[in-house]
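Colleague: Structure below; questions to follow.
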Amino acid sequence: MSSKTGPLTGQKTPLAKKLGLLVGLGFCSGVLLAIAVWLLSLNIPMISGMMGLLCTIGSLALLVATFRVYAAISLSLAQNDQKHLQNALIQAKDMLDTSKQLRDDHVLLQSVYNNLTFPVWLKDRFGRYLVVNNTLTNHWCDGVDAKGKTDADVLNAQLADVFMASDEQALNTGRHQVLELKMDLTGQPSRWYRIERHPLVGENDAIVGILGFAIDITGYKVSDERLRADQLIDPVTDFANQQGLRRFIEEHDDEIDDLWCLHVDIDHFKVLNDSMGNAAGDQLLTQLSQRLKHHSDEEDFLARVGADEFVLFWYGTEVPSDDDRDERLKDLHLQLNQPFSIGESSYSFTVSIGAARAPGHGLTANELHQNAGIALFNAKKKGRNQVHWYHADYEDQAQRRLHKAQMLKNALKQQDLEVHLQPRIDSRTGEILALECLARLQGETGDLIYPGHFIELAEHNGSIRELDRWMLEQALLLISRQLNEGAHPVVLGVNLSVQSINDDTLRYLTAWHGRKPDALRYLEIEITEHHLPDQNDDFRQRLEALDGLGIALALDDFGSGYANLSKLPDLPFRTIKLDQSFIRDLPNSEKQMAVVKAIVDLCSSLSITVVAEGVETEEELNAVSKLGCHFIQGFVYSKPRALADAIEWFEQRQMARQ
């Protein structure tokens, strides 16, 4: 018989020792008793009697010891049984307490989810509802208990299909699903819900069910719609804005028999805004919008789509003889030319209007809008301050613009553009200070198309940003190549549209700065003066960020935007390039010479370099040089040349100077 040992040490336990002692004592007592009986049976007087008596006494002593050990073992066993019983009672009590706690938790949990104001449910993987709260039962299931049932049993057919499809997606993908749904429930107003479904994972990562809940987001949707409505309104005029116009056009894509579109533009509005500030400009816009509204019917659509541009859609009348739009248009143009009160003074402005009418000039609102825009373009081209109607001859013009747009798109896609370079030269030394990069588009017949024929179109259709990026990349690659060859690069100027002065361009140039910081020291970005936004802090900060990268900034075509000199100290331009309009009449106009001299002197005091652009004759060169402007760009030195020819010409000129 193997003795019981401890689980860790291999030693006998106290109980095992006592059992061994009990067996030993009992055995010894029995042996002594047997010896005593044997001795007493011998017929040896005295000796056998004495020895038998001693053995008997010893046997009895051992028997008493045996009983004591037995009693100790019995007590120990009783104590152990008591402990086990106590432990069992404690465990039973704990189980009862746990069961009660579980019941309480279950009641509490049931109370919680039943009192939730939004639907909550639990389904098995077969789509049967296991748990549902009261909100789901009462609001979605018309009071029918959904437990054990599927969506098809308790929901309307359309909603059931949506729910089952979303459940299936959650089960198949193992990812939670979010659905925003507008629900039309019986006897209730329409409500928006955000419905979430979370797959429940069991053993072996198997999906065993779906936990779902739905939050009523009607309030948020209403607020969002109000916000969107606010975003469709121009805050200055309370007319629709560009987004509002877009929505109107989308909603009127069907043919409209009797609709007029007027595209209204304030001539030279920028003069007022630049000279008197935005507050004065807003006063003008407010008064002009009131006149537009006064001459429009209540159901007509009015939008402000630019700083000084408005689009009007005028509806006809049911009775043709009551149509007074011709008279209203004539009177509108007349009234818009009347003085406006700005501050304590009166100012007069002219207005150009492009007009198109259905069905002759277009069948949809979009066609009328496009054609009214073409008519406005021609109104400006023909001298401004007039109402100009679209006519069929402009279809060719529109087709040509569309054709150019497609050519530009293809050229950008295939990178089938050319870079031409024109130098900027110090007339005193003949040194080439910089080269301006100019884009050329290859025509179908092999002839070159110049920027004046496609830049405005690119700015209109948004492709200008792609074109600007391509020109930037070509200039930086050329500079980088020269640096890698150990040459001393000449500064390369790249014209960028205001549209391209954005965060994306900043990130692109910052990445270049990280790879090749020296390259940006030889880059100059030119921005056209008349495109500068008015008092735009974000734009100014982006210019300062470009300046911080070491890029030189130049203000191109200075004078084409009415030469607002007050902006120069606030913007980080290192160079201004005088527009050719300053140079053309310079030799024969003392007033023009005085203006140029004032600009040169002011820029000199601001440490801004002045470049004369478009200098074509020696007479113009001498005149501008006498005024202190010695940095020249124009045909008098060189026409723009193709990249390879320009580099060769540049190297030859450098060698000649040496």
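The values are calculated or read from the model by the stated rules, or taken from the named source; none is laboratory data. These numbers were taken from a predicted model, which means no experiment stands behind them. When we count neighbours, we look across all protein chains shown, and the Cβ atoms used for this are built from the backbone with ideal geometry, even at glycine. With ligands, DNA and RNA removed, areas are computed over all heavy atoms of the protein, side chains included. Shrake-Rupley method; radii C 1.70, N 1.55, O 1.52, S 1.80 Å.
Colleague: Being within 27 Å of Asp537 (Cβ to Cβ), of a type in the set (Ser, Thr, Tyr) and either open to solvent by less than 30 Å² (accessible area, probe 1.4 Å) or at pLDDT below 95 (or both), is that true of even one residue in segment 496-503?
Modeller: The answer is yes; a qualifying residue exists.
Colleague: Would you confirm, using the coordinates I've provided, whether Phe126 is hydrophobic (A, V, I, L, M, F, W, C), part of a loop (DSSP other than H, G, I, E, B), within 16 Å of Ile195 (Cα to Cα) and open to solvent by 20 Å² or more (accessible area, probe 1.4 Å)?
Modeller: Working: hydrophobic (A, V, I, L, M, F, W, C): yes; part of a loop (DSSP other than H, G, I, E, B): yes; within 16 Å of Ile195 (Cα to Cα): no; open to solvent by 20 Å² or more (accessible area, probe 1.4 Å): yes.
Criteria not met by Phe126.
Colleague: When Arg507 is evaluated against the numbered criteria (1) open to solvent by less than 50 Å² (accessible area, probe 1.4 Å); (2) without any contact (Cβ under 8 Å) to a residue 40 or more places away in the chain; (3) within 30 Å of the chain's Cα centre (by Cα), which criterion, by number, is the only one it fails?
Modeller: (1)
Colleague: On to the next question. Any residue at all in segment 324-336 that's open to solvent by 20 Å² or more (accessible area, probe 1.4 Å) and within 19 Å of Asp234 (Cβ to Cβ)? Step through it out loud before you land on a result.
Modeller: So in segment 324-336, the residues open to solvent by 20 Å² or more (accessible area, probe 1.4 Å) come out as 324, 326-328, 330-331, 333-335.
From what is left, the residues that are within 19 Å of Asp234 (Cβ to Cβ) are none.
Scanning segment 324-336 turns up no residue that is open to solvent by 20 Å² or more (accessible area, probe 1.4 Å) and within 19 Å of Asp234 (Cβ to Cβ).
Colleague: Next up: Among the residues of segment 98-112, are any modelled with pLDDT of 85 or more and hydroxyl-bearing (Ser, Thr, Tyr)? Reasoning before the result, please.
Modeller: Restricting attention to segment 98-112, the residues satisfying the condition of being modelled with pLDDT of 85 or more are none.
No, segment 98-112 has no match at all.
Colleague: Among the residues of segment 537-548, are any modelled with pLDDT under 80, surrounded by fewer than 16 Cβ atoms within 10 Å (Cβ to Cβ) and not acidic (Asp, Glu)?
Modeller: Within segment 537-548 (the criterion being modelled with pLDDT under 80, surrounded by fewer than 16 Cβ atoms within 10 Å (Cβ to Cβ) and not acidic (Asp, Glu)), the answer is no, since none of the residues qualifies.
Colleague: Any chance segment 287-299 includes a residue that's in a helix (DSSP H, G or I), at pLDDT below 85 and either open to solvent by less than 40 Å² (accessible area, probe 1.4 Å) or of a type in the set (Asp, Glu) (or both)? Give the derivation first.
Modeller: Pass one, segment 287-299, residues in a helix (DSSP H, G or I): 287-294.
Narrowing further to those that are at pLDDT below 85: none.
Within segment 287-299, none of the residues are in a helix (DSSP H, G or I), at pLDDT below 85 and either open to solvent by less than 40 Å² (accessible area, probe 1.4 Å) or of a type in the set (Asp, Glu) (or both).
Colleague: Something else: Can you find a residue in segment 389-403 that is more than 23 Å from His263 (Cα to Cα) and within 36 Å of the chain's Cα centre (by Cα)?
Modeller: First pass over segment 389-403, keeping only residues more than 23 Å from His263 (Cα to Cα): 403.
Next, only the ones that are within 36 Å of the chain's Cα centre (by Cα) stay: 403.
Yes, the conditions are met somewhere in segment 389-403.
Colleague: List pairs: first residue in segment 145-163 and within 17 Å of Thr135 (Cα to Cα) and without any contact (Cβ under 8 Å) to a residue 40 or more places away in the chain, second residue aromatic (Phe, Trp, Tyr) and assigned to a helix (DSSP H, G or I) anywhere in the structure, Cβ distance under 6 angstrom, at least six positions apart or on different chains.
Modeller: Asp151/Phe163
Colleague: Can you tell me which of (1) of a type in the set (A, V, I, L, M, F, W, C); (2) in a helix (DSSP H, G or I); (3) over 24 Å from Gly430 (Cβ atoms) is the one Leu553 doesn't meet?
Modeller: Result: Leu553 fails condition (2) only.
Colleague: Please give the number of the condition Leu448 fails out of (1) in contact with a strand residue (DSSP E or B) (Cβ under 8 Å, 6 or more places away or on another chain); (2) under 25 Å from His630 (Cβ atoms).
Modeller: (2)
Colleague: While we're looking at this one, here's another question. In segment 151-192, how many residues are of a type in the set (S, T, N, Q), surrounded by 11 or more Cβ atoms within 10 Å (Cβ to Cβ) and farther than 13 Å from Gly212 by Cβ? Before you say what the answer is, go through the steps one by one.
Modeller: Of the residues in segment 151-192, the ones of a type in the set (S, T, N, Q) are 156, 158, 166, 169, 172-173, 177, 186, 188, 190.
Now drop any that are not surrounded by 11 or more Cβ atoms within 10 Å (Cβ to Cβ), which leaves 156, 166, 169, 173, 177.
When the remaining residues are screened for being farther than 13 Å from Gly212 by Cβ, the result is 156, 173.
Number of matching residues: 2.
Colleague: Only one of these is closer than 27 Å to Leu509 by Cβ, modelled with pLDDT of 90 or more and of a type in the set (Asp, Glu): Glu618, Glu613. Name it.
Modeller: Values: Glu618 fails: closer than 27 Å to Leu509 by Cβ.
Exactly one of Glu618, Glu613 is closer than 27 Å to Leu509 by Cβ, modelled with pLDDT of 90 or more and of a type in the set (Asp, Glu), namely Glu613.
Colleague: Looking only at segment 207-245, filter to residues that are open to solvent by 90 Å² or more (accessible area, probe 1.4 Å) and more than 21 Å from the chain's Cα centre (by Cα); which one of those is modelled with the highest pLDDT?
Modeller: Of everything passing the filter in segment 207-245, Asp238 is modelled with the highest pLDDT.
Colleague: Looking only at segment 54-80, filter to residues that are of a type in the set (A, V, I, L, M, F, W, C) and within 14 Å of Val31 (Cα to Cα); which one of those is surrounded by the fewest Cβ atoms within 10 Å (Cβ to Cβ)? Break it down stepwise before answering.
Modeller: First, pick out the residues of segment 54-80 that are of a type in the set (A, V, I, L, M, F, W, C): 54-55, 57, 60-65, 67, 69, 71-73, 75, 77-78.
Subset that is within 14 Å of Val31 (Cα to Cα): 54-55, 57, 60-63.
Numbers: Leu54: 14, Cys55: 20, Ile57: 12, Leu60: 14, Ala61: 14, Leu62: 20, Leu63: 17.
Here the residue is Ile57.
Colleague: A follow-up question, please. With (1) at pLDDT 70 or above; (2) open to solvent by 50 Å² or more (accessible area, probe 1.4 Å); (3) farther than 13 Å from Leu63 by Cα as the list, and Ala16 as the residue in question, which single condition is left unmet?
Modeller: All conditions pass for Ala16, except number (2).
Colleague: Related question: Determine the pairs where a residue that is more than 15 Å from Arg194 (Cα to Cα), located within segment 108-119, has a partner that is at pLDDT 70 or above and open to solvent by 60 Å² or more (accessible area, probe 1.4 Å) with Cβ atoms under 9 Å apart, the partner being 6 or more residues away or on another chain.
Modeller: Here the result reads Tyr113/Asn134; Asn114/Asn134; Asn115/Asn134; Leu116/Asn134, each pair linking segment 108-119 to a residue that is at pLDDT 70 or above and open to solvent by 60 Å² or more (accessible area, probe 1.4 Å).
Colleague: In segment 389-493, which helices (runs of 4 or more DSSP H) lie fully inside it and hold 2 or more residues that are at pLDDT 85 or above and either among the basic types (Lys, Arg) or over 26 Å from Gly614 (Cβ atoms) (or both)?
Modeller: On the way: elements: 394-414, 455-461, 464-484.
Hits in segment 389-493: 464-484.
Colleague: Output the number of the condition that Phe340 fails; it satisfies all remaining conditions of (1) open to solvent by 20 Å² or more (accessible area, probe 1.4 Å); (2) touching a Phe, Trp or Tyr at 6+ places or on another chain (Cβ under 9 Å); (3) under 24 Å from Asp282 (Cβ atoms).
Modeller: (1)
Colleague: Another question, then. Among the numbered criteria (1) at pLDDT below 85; (2) part of a helix (DSSP H, G or I); (3) in contact with a helix residue (DSSP H, G or I) (Cβ under 9 Å, 6 or more places away or on another chain), which one does Phe248 miss?
Modeller: Going through the list (1) at pLDDT below 85; (2) part of a helix (DSSP H, G or I); (3) in contact with a helix residue (DSSP H, G or I) (Cβ under 9 Å, 6 or more places away or on another chain), Phe248 breaks only (1).
Colleague: Between residues in segment 314-332 that are among the hydrophobic types (A, V, I, L, M, F, W, C) and residues that are open to solvent by 30 Å² or more (accessible area, probe 1.4 Å) and in a strand (DSSP E or B), which pairs lie under 7 Å by C-beta distance while being six or more apart or on different chains?
Modeller: Qualifying pairs under 7 Å: Leu329/Val387.
Colleague: OK, next. Mind listing whichever residues of segment 572-597 are touching a strand residue (DSSP E or B) at 6+ places or on another chain (Cβ under 9 Å) and of a type in the set (D, E, K, R)?
Modeller: Arg574, Lys577, Asp579
Colleague: Have a look at Ala434, Ala411, Ala458, Ala475 and point out the one that is open to solvent by less than 10 Å² (accessible area, probe 1.4 Å), in contact with a Cys (Cβ under 6 Å, 6 or more places away or on another chain) and in contact (Cβ under 8 Å) with a residue 12 or more places away in the chain. Give the steps one after another, and end with the answer.
Modeller: Working: Ala434 fails: in contact with a Cys (Cβ under 6 Å, 6 or more places away or on another chain); Ala411 fails: in contact with a Cys (Cβ under 6 Å, 6 or more places away or on another chain); Ala458 fails: in contact with a Cys (Cβ under 6 Å, 6 or more places away or on another chain).
Exactly one of Ala434, Ala411, Ala458, Ala475 is open to solvent by less than 10 Å² (accessible area, probe 1.4 Å), in contact with a Cys (Cβ under 6 Å, 6 or more places away or on another chain) and in contact (Cβ under 8 Å) with a residue 12 or more places away in the chain, namely Ala475.
Colleague: While we're looking at this one, here's another question. Counting only residues that are part of a helix (DSSP H, G or I) and small (Gly, Ala, Ser), which one in segment 494-531 is farthest from Val419 (Cα to Cα)?
Modeller: So, considering only residues that are part of a helix (DSSP H, G or I) and small (Gly, Ala, Ser), the one farthest from Val419 (Cα to Cα) is Gly514.
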